[in-house]
1. Give me a count of the residues in the stretch 253-309 that are under 24 Å from LEU6 (Cβ atoms) and among the small types (Gly, Ala, Ser).
2. Could you tell me which of the residues LEU155, LEU116 is aliphatic (A, V, I, L, M), modelled with pLDDT under 90 and closer than 24 Å to LEU48 by Cα?
3. Please find, among ILE103, ILE123, ILE136, ILE96, the residue that is of a type outside the set (Gly, Ala, Ser), over 29 Å from VAL60 (Cβ atoms) and either within 17 Å of the chain's Cα centre (by Cα) or modelled with pLDDT of 85 or more (or both).
4. Could you list, in sequence order, the residues of the stretch 110-120 that are over 20 Å from LEU65 (Cβ atoms) and under 12 Å from the mean Cα position of the chain (by Cα)?
5. Inspect all residues belonging to the stretch 261-278 and state whether any of them is among the aliphatic types (A, V, I, L, M), in contact with a Cys (Cβ under 8 Å, 6 or more places away or on another chain) and part of a helix (DSSP H, G or I).
6. Only one of these conditions is not met by VAL132: (1) out of contact with any Asp or Glu (no Cβ under 9 Å at 6 or more places or on another chain); (2) not in a helix (DSSP H, G or I). Which number is it?
Amino acid sequence: MVAIFLKTLPFFALIGLGYWAGRTRFFSAEATAYLTKFVFYFALSAMLFRFSANLSLAEVWDSRLVAAYLWGTAFVYAIASLVGFLRGLDVATNGIEAQCAVIGNTGFLGVPMLTLLLGPDAIGPVLLALTVDMIIFSSLIVILITGSREGQLRLATLKTVGIGLLKNPMIVAITLGFLWSGFGIPIPVPLNEFLAILGGAATPGALFAIGASLASKSAERIEIAGWLTFCKLVLHPLFVAFGALFLFGVDPYKAGVIIATASLPVAGNVYMLAQHYGVAPQRVSAAILVSTTVSIVTVSLVVGWVSAL
């Protein structure tokens, strides 16, 4: 376990370095925003395209894995929603809390870290989990917030969701990569090297950006942040593990990858949604800060466990 912790430590050290830079104002909020934009639209997209272009969809797709991840995620989403309902939360706030409970930092943290810790074969399951998060749950929160405010589900809402998915660079990169692979188009050497160089900036850039953005987060309403952190770092991997290992019989290696993916801390894009729609952004901010801090230990424990599967 110590060896696993030492392997994960450099990733979290980069986050810590970014946090220091943001906290001391060496890296301004504006600089953090531009770094995040660079990673999101260029470096991470290049990495995802290169990964998917060298895989076939048939190699990656696993209906059992998707079912297990979806089942475990939906179950924890339902638990968080029920607790929020019992606390008297409105639909929008309840949806945001449920989003914190299940949506991990798969793009910025999971893709670079898990493929290095668990091997290159981990990229397929990680991409599937990322796709489920983006297409199903990121769409669901937009539908819940806009539907609750307008009192009904309008066609315009679904159009907004669809356009948002089409504009998401991660979805575009993955889709284009699989299309490239599906048509059997070889990647020219100069293009492959270009993607490798640009994609190589994704890991340090993403981790530094996570840390720098955490510097602006506050830990208000710590009891709620603690509950959401428990949901994300404990309940989510636990229920995904139950679904993968006992209900759907997923291959042990693939099961380990999606369990590790489920153990990641709350994603930064949940805060972006909360801020955009004006729904409890400080609550999400605290959940991201607390879950990321605690995950330094919990992710190492989960990766150490799944490595033995």
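1. The total comes to 10.
2. The match here is LEU116.
3. ILE96 is the lone residue from the list that is of a type outside the set (Gly, Ala, Ser), over 29 Å from VAL60 (Cβ atoms) and either within 17 Å of the chain's Cα centre (by Cα) or modelled with pLDDT of 85 or more (or both).
4. Passing the criteria: only PRO112.
5. yes
6. Checking VAL132 against (1) out of contact with any Asp or Glu (no Cβ under 9 Å at 6 or more places or on another chain); (2) not in a helix (DSSP H, G or I), the one that fails is (2).
Rundown of residues vs (1) closer than 24 Å to CYS100 by Cα; (2) touching a helix residue (DSSP H, G or I) at 6+ places or on another chain (Cβ under 8 Å); (3) not hydrophobic (A, V, I, L, M, F, W, C), yes/no style:
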{"residue": "LEU195", "(1), (2), (3)": "no, yes, no"}
{"residue": "GLY199", "(1), (2), (3)": "no, yes, yes"}
{"residue": "ALA215", "(1), (2), (3)": "yes, yes, no"}
{"residue": "GLU223", "(1), (2), (3)": "yes, no, yes"}
{"residue": "PHE230", "(1), (2), (3)": "yes, no, no"}
{"residue": "LEU247", "(1), (2), (3)": "no, yes, no"}
{"residue": "TYR253", "(1), (2), (3)": "no, yes, yes"}
{"residue": "ILE258", "(1), (2), (3)": "yes, yes, no"}
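Rundown of residues vs (1) part of a helix (DSSP H, G or I); (2) of a type in the set (A, V, I, L, M); (3) without any contact (Cβ under 8 Å) to a residue 24 or more places away in the chain, yes/no style:
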| position | (1), (2), (3) |
| --- | --- |
| ALA78 | yes, yes, yes |
| VAL83 | yes, yes, no |
| THR93 | yes, no, no |
| ILE96 | yes, yes, no |
| CYS100 | yes, no, no |
| PHE108 | yes, no, no |
| MET113 | yes, yes, no |
| ASP121 | yes, no, no |
| PRO125 | yes, no, no |
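The values are calculated or read from the model by the stated rules, or taken from the named source; none is laboratory data. Keep in mind that this is a model prediction, so the values were computed, not measured. Don't worry about glycine lacking a Cβ; one is built from the backbone with ideal geometry, like all the others, and counts go over all protein chains shown.
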